[in-house]
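The values are calculated or read from the model by the stated rules, or taken from the named source; none is laboratory data. The model shown is predicted, which means the values in this text are computed figures rather than measured ones. A quick note on method: Cβ atoms are made from the backbone with ideal geometry, for glycine too, and the neighbour counts reach across all protein chains shown. Each accessible area value is taken on the protein alone, full model and side chains, heavy atoms only, with ligands, DNA and RNA left out. Shrake-Rupley method; radii C 1.70, N 1.55, O 1.52, S 1.80 Å.
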Amino acid sequence: MKILIASPEIVPFAKTGGLADVTGALPKALQRLGEDVTVIMPKYQIVEDKKNNLEYAGKKIHVPISNRIEEAKIYKGYINSHQSPVTSHQSVANKKIPVYFIDKKEYYDREYLYGTPQGDYPDNAERFIYFARAIIETCKTIELRPDVIHCNDWQTGMVPVYLKTLYKNDPFFKDTATVFTVHNLGYQGLFWHLDMHLANLGWDIFTPEGIEFYGKINILKGGLVFSDIVTTVSKTYSLEIQTEEYGHGLEGVLRKRKDDLYGVINGIDYDDWNPLTDGYIKAKYSKENLSGKWECKKELLKIYGLTPSKEIPVIAVISRLADQKGFDLIADIIDDLMKFDVQFVLLGTGEEKYNTLFEDIGKRYPAKTVIKIGFDNTLAHKIEAGADMFLMPSRYEPCGLNQLYSFKYGTIPIVRATGGLNDTVENYNPVKRTGNGFKFSEYSSNALFSTIKKAIEIYRDFSLWNRLMINAMSEDFSWDRSAKEYVELYKKARAKRVNGE
Ligand code: ADP
C-alpha cells in the first residue's frame, strides 16, 4: 500500500511532544512490514538543510489561500531506517523513507512551531489551512497517488475536509482514503468564523455537522467528521473521549463516529530509547546486568551537585508543563514529599505559571531537587537512565510515551490511571511480584501522595524493587504490533473509500 503520513512535527526534524516521536517511528515500522511510506511536514526554521541533508526537490506548488495563490518550494529529505533490526524484510528495512517539506518562509520560518511561550501565533489558521492544501497539491506535483493519507492532529485536519469537498471529483484522489489520528483532543485548532475565507470553502461546511463549533471554526472537528477512519492513541482514551469529562466538547461528534473510531496504542522506538545502546548515557545496562544504572544515577546527580545514594530514590518528571499533566497535584504535595528522604528531578518547559512554580521549588529545596526549565533531549535520556521513579499524575493522557521509555530504563512509573497510562501500567503486587509500576485513579493529591509513599516503601526492599525493575524492563512496546493494527485500519479506510461507504 502507498501510505502518506502527514504531520506537523516529526522526529528527527522538529519536535515539541510525543506526536513527533510517533510520526518519526511509525513510518519505519510500516516499512519493515513491507509498506511503501512517504512522509510530509512543514519546513520550520529548526529544520536545517545541512544537518538533515535536505535538498530542494526541484518542484514548486501553487496553493490557493483566500483569494490568492501562494507559491511554496518542496524540499526532500529522508528518515533513515538503517538502524532498525534486521528482519525478513531486510532489503526493505534498509531503504530510506522519503520526507517532503513544505518550504513557505512566511509561514514556517519562525523560531517556534506553533507559537511563543506567550501564546499561539495569530495566523495559525492560515499556516495550517495552507499546510493541508499544500499536502494535497504536493501529491499532484510529485505524482504521489496515496492509497491512504494518514493525518495527525488538528494541523492536518483540513486534508480530509478538502478530499471530501473541493477535491471530491478529482480523479487523482479517486481512491485515496484518509485516516485521522487524534494525539490530543485538547488541541483543536479553534479560530473565529471570519477565517473561513482562507479555506476557499462554502459556508455550507460551516455548520454543526461540518466544521463549526459554537460559532467558531474547529479544524480538528473537520478531521473527525470528514475522514474515513478516526483513531486515537490508546483504547482507554478512545472510550474516554466519548464522555463529557474527557471530550472537550467533541464527545457528541466522537460518539456519532464510534463505529469508525479505534484506539491504537503507540509504540516506542527502541533504536532511540534503549539503555543497552543509548549514546547519551554514562554506562550501558540491561535487565541482565543492572550495574550501569547506578553509574547513570551517580552521574545525573553529581552534575547538579546532589549526593547520590542507593538508599534515596530519585523521582523524576520530564514533560511539557501544561495543565493536562497534573502539576497542580505535585505542587500540593511537594512540601510533604520533601520531608521524605527522596530527590526530585524535573525537566520541562511550557506555561509560565508552571515554569515559575518549579523554579521556586528548586530554590526552596536546593539540596534535594534539580529543576531544569527547558527542552533538552540529551538530559531527558540521562534522567530516564539515572532516576528510580517517574511521575505522571496526568489529568488526561492520550497515550503517554515517557512511561514506556521508563519501563525500558527500569525507572518505575507512578501514574494516574487514565488513557494510555491506564492501558500500559499494571499495579505492582509485591506478594505475587507481578506488575510494572504504580497507578491511582482519583485525581487528587491524597491519591498521588499515598501512591508515592507506597512506591518509596517498596523501594526500601531491594529484592522487591529489583523484581519490579525487571518486570518493567521486560515489557515490549515496540512498534511492530501497533504498525500492524494501523495497516489493518488503512485497509478498512480504503475499502470504505472505494466502496463509497
Ligand atoms: P506529550 O506528547 O503530551 O507532550 P508524551 O509523553 O506523549 O507527551 O511525549 C512527550 C515526549 O516529549 C517524550 O519523548 C518526552 O521525553 C519529550 N519531552 C517532553 N518535554 C521534554 C523536555 N523538556 N526536554 C526533552 N524532552 C521532552
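When restricted to residues that are among the small types (Gly, Ala, Ser) and within 30 Å of Gly400 (Cα to Cα), region 164-209 contains 3.
Out of all the residues in region 442-458, is one or more under 25 Å from Glu244 (Cβ atoms), under 26 Å from the mean Cα position of the chain (by Cα) and within 16 Å of the ligand (Cβ to nearest atom)? Looking through region 442-458, none of the residues is under 25 Å from Glu244 (Cβ atoms), under 26 Å from the mean Cα position of the chain (by Cα) and within 16 Å of the ligand (Cβ to nearest atom).
Only one residue in Gly247, Gly215 is small (Gly, Ala, Ser), touching a helix residue (DSSP H, G or I) at 6+ places or on another chain (Cβ under 7 Å) and either without any contact (Cβ under 8 Å) to a residue 40 or more places away in the chain or open to solvent by 70 Å² or more (accessible area, probe 1.4 Å) (or both). Which one?
Going through Gly247, Gly215 in turn, just one is small (Gly, Ala, Ser), touching a helix residue (DSSP H, G or I) at 6+ places or on another chain (Cβ under 7 Å) and either without any contact (Cβ under 8 Å) to a residue 40 or more places away in the chain or open to solvent by 70 Å² or more (accessible area, probe 1.4 Å) (or both): Gly215.
Residues in region 443-455 that are open to solvent by 20 Å² or more (accessible area, probe 1.4 Å) and more than 12 Å from Gly326 (Cβ to Cβ): Asn446, Phe449, Ser450, Lys453, Lys454.
Within region 1-18, one or more residues are outside any loop (DSSP other than H, G, I, E, B), within 16 Å of the ligand (Cβ to nearest atom) and at pLDDT 95 or above.
Results for (1) within 20 Å of Glu442 (Cα to Cα); (2) not hydroxyl-bearing (Ser, Thr, Tyr), shown as yes or no for each residue.
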residue: Ile303; (1), (2): no, yes
residue: Ser309; (1), (2): no, no
residue: Ile315; (1), (2): no, yes
residue: Asp332; (1), (2): yes, yes
residue: Leu337; (1), (2): yes, yes
residue: Val345; (1), (2): no, yes
residue: Thr349; (1), (2): no, no
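Counting residues in region 377-384 that are in contact with a Pro (Cβ under 7 Å, 6 or more places away or on another chain) and either among the β-branched types (Val, Ile, Thr) or under 20 Å from Tyr237 (Cα atoms) (or both) gives zero. Do we find that Ala25 is away from the ligand (no atom under 16 Å from the Cβ), closer than 21 Å to Trp479 by Cβ and in contact with a strand residue (DSSP E or B) (Cβ under 8 Å, 6 or more places away or on another chain) in this structure? Criteria not met by Ala25.
For (1) at pLDDT below 95; (2) not aliphatic (A, V, I, L, M), each residue gets a yes or a no:
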| residue | (1), (2) |
| --- | --- |
| Ala322 | yes, no |
| Asp328 | no, yes |
| Leu337 | no, no |
| Thr349 | yes, yes |
| His381 | no, yes |
| Ser394 | no, yes |
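The set of residues from region 330-352 being more than 30 Å from Asp269 (Cβ to Cβ) and either within 16 Å of the ligand (Cβ to nearest atom) or not in a helix (DSSP H, G or I) (or both) comprises Met338, Lys339, Phe340, Asp341, Val342, Glu352. Inspect region 127-141 for any residue being among the β-branched types (Val, Ile, Thr), assigned by TED's automatic domain parsing to the domain that holds Val22, over 29 Å from Val264 (Cα atoms) and part of a helix (DSSP H, G or I) and give the result as yes or no. Within region 127-141 (the criterion being among the β-branched types (Val, Ile, Thr), assigned by TED's automatic domain parsing to the domain that holds Val22, over 29 Å from Val264 (Cα atoms) and part of a helix (DSSP H, G or I)), the answer is yes, since at least one residue qualifies.
Of the helices (runs of 4 or more DSSP H) lying entirely inside region 211-271, those carrying at least 2 residues that are assigned by TED's automatic domain parsing to the domain that holds Phe180 and closer than 24 Å to Val22 by Cα are 219-226, 235-240. Just one of the listed residues (Lys372, Lys353, Lys382, Lys368) is basic (Lys, Arg) and over 28 Å from the mean Cα position of the chain (by Cα), and it is Lys368.
Taking the criterion of being within 16 Å of the ligand (Cβ to nearest atom) and either modelled with pLDDT under 95 or open to solvent by 20 Å² or more (accessible area, probe 1.4 Å) (or both), the residues of region 363-372 that qualify are Ile371, Lys372. Taking region 381-409 as the range and being assigned to a helix (DSSP H, G or I), surrounded by fewer than 24 Cβ atoms within 10 Å (Cβ to Cβ) and more than 9 Å from the ligand (Cβ to nearest atom) as the test, only Lys382 passes.
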